[in-house]
Amino acid sequence: MTPRPVREIELIGRTHKIKVPAGTLYIVINKKEGKYHQVLINVSQTGSFLTPICEALGRMITLSLRFGASLEDCAKQLEGIKGSEPIWFEGEQVLSISDGVAKVLRRELKL
């Protein structure tokens, strides 16, 4: 089994906010040595059953980045996943938590 990497003392990143059908997501995208390195996802409904799902999604995106996937690759996999109650946020339809995360990843790539 591969040992867990040592956690960095400091990473440089940006926090994004997006409304999704389940509430508001806060997505932190960190870089290490100029490359995307970590994605943390928190939902505004603390203690909700969605909290661990969002944390798991962030961990899987982070793992994908560490194994060579790009932020674009991750966005492609998540975009368009539909939930039962899409909403509108800043002129865009957000279909689900996953679709909202994909929109934020693409927003980050444009910066």
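The values are calculated or read from the model by the stated rules, or taken from the named source; none is laboratory data. Fair warning: this is a prediction, and the values are worked out from it, not measured in the lab. Cβ atoms come from the backbone with ideal geometry, glycine included; neighbour counts cover every protein chain shown.
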TODO: Those residues that are in a helix (DSSP H, G or I) and more than 16 Å from residue 28 (Cβ to Cβ), I need them from segment 86-101; list them, please.
DONE: 98, 99
Task: Residue count for segment 88-108, restricted to those that are more than 15 Å from residue 50 (Cβ to Cβ) and either more than 10 Å from the chain's Cα centre (by Cα) or in contact (Cβ under 8 Å) with a residue 40 or more places away in the chain (or both) - done: 13
Open item on the list: Looking at 74, 54, can you tell me which residue is touching a strand residue (DSSP E or B) at 6+ places or on another chain (Cβ under 7 Å) and not aliphatic (A, V, I, L, M)?
Closed with: 54
Task: Enumeration of residues in segment 38-66 that are over 18 Å from residue 26 (Cβ atoms) and modelled with pLDDT of 95 or more - done: 63, 64, 65
